[in-house]
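So the structure is just underneath, and the comments pick up after that.
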Amino acid sequence: MTNIEVIRADITTLKVDAIVNAANSSLLGGGGVDGAIHRAAGRELLAECRTLNGCEPGEAKITKGYKLPAKYVIHAVGPIWHGGKMNEPEILSSCYRNSLLLAIENNIRTIAFPSISTGVYGYPIEKAAAVAVRTVFEVVEEHPEAFDQIQIVTFSNFDYNVYSSEISTK
Ligand code: AR6
């Protein structure tokens, strides 16, 4: 059984097998959750990221967690919101799916996602939550033995309520 839950937390504090980073395609750091993860993990994370040659939107790459309590960081690049007609839902869904598939390949059983694309990248939170939760449930249905726990980590009460009500429909 996979426990799927929404929590309010700073993702950099979580002691899980992997945390997911809402990165940009350079994988060389930025603001938001990306900046927080790089600050907490230390300079070695950036050094490993420099070897990865970036990442396309919708794809994901894995590194070690260095000074983080999490063992690994999965760097996923979300879509920038351009109004919804530029394949944003498909790209966002691919982020969650590819992160989870990469996790399975690395025997990761506990994983925490931030709310990918809903900060700087401007994806409307209700729309993003629907895509994220649908995709997580699809992958868990396809791989029922793979994960012990999948968390979606929110920062604000508002975001927490949006993801919680989306999960309650499943
Ligand atoms: N823990 C959990 N969630 C957080 C944390 C944290 N420590 N910090 C921020 N959030 P964003 P994006 C939430 O902008 O929209 C970066 O510059 C935040 O409140 O981090 O995918 C990258 O380099 C929001 O709900 O990611 C890219 O250039 C969510 O994380 C770009 O931003 C995502 O917001 C990616 O933009």
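Values quoted throughout were computed directly from the atomic coordinates according to the rules given, and no laboratory measurement underlies them. Please read these numbers as outputs of a predicted model, since none were measured by experiment. Cβ sites come from the backbone with ideal geometry, for glycine too, and all protein chains shown count toward neighbours.
At a glance:
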{"quantity": "Segment 114-170 and segment 4-52: distance between their alpha carbon centers, rounded to Å", "calculated": "17"}
{"quantity": "Residue 149-residue 104 pseudo-label distance in nm [points 7 Å out on the Cα-to-Cβ vector]", "calculated": "2.2"}
{"quantity": "Whole-Hz ³J(HN,Hα) from phi, Karplus 6.51 cos²θ - 1.76 cosθ + 1.60, for segment 55-61, glycine and proline x", "calculated": "7, 6, x, x, 9, 9, 9"}
{"quantity": "P(r) tail fraction, segment 37-130 - alpha-carbon pairs more than 18 Å apart, %", "calculated": "48"}
{"quantity": "Flagged links, alpha-carbon separation over 18 Å, of 127/170; 15/67; 61/85", "calculated": "61/85"}
{"quantity": "Gyration tensor verdict on segment 1-78 (Cα atoms; rounded if a/c is under 1.5, prolate if a/b is larger than b/c, oblate otherwise)", "calculated": "prolate"}
{"quantity": "Calculated from backbone phi, Karplus (6.51, -1.76, 1.60) coupling profile of segment 88-94 in Hz, x at Gly/Pro", "calculated": "4, x, 5, 5, 5, 4, 4"}
{"quantity": "Ratio of Rg to Rh over the chain (Cα coordinates, Kirkwood Rh, two decimals)", "calculated": "0.93"}
{"quantity": "Sequence ranges 91-101, 125-135, ranked by mean other-Cβ count within 10 angstrom, highest first", "calculated": "91-101, 125-135"}
{"quantity": "Additional length obtainable on full extension of the chain from residue 48 to residue 67, 0.36 nm per residue less Cα span", "calculated": "5.5 nm"}
{"quantity": "Phi-based couplings in Hz for segment 151-164 (Karplus 6.51, -1.76, 1.60; Gly and Pro marked x)", "calculated": "10, 10, 9, 10, 9, 9, 4, 4, 5, 4, 5, 5, 5, 4"}
{"quantity": "Relative contact order [Cα under 8 Å, 6+ residues apart], the chain, whole percent", "calculated": "31"}
{"quantity": "Pairwise label distance in nanometres, residue 138 with residue 168, each label 7 Å out on the Cα-Cβ vector", "calculated": "2.5"}
{"quantity": "Segments 147-154, 63-70 sorted - mean Cβ within 10 Å per residue, highest first", "calculated": "147-154, 63-70"}
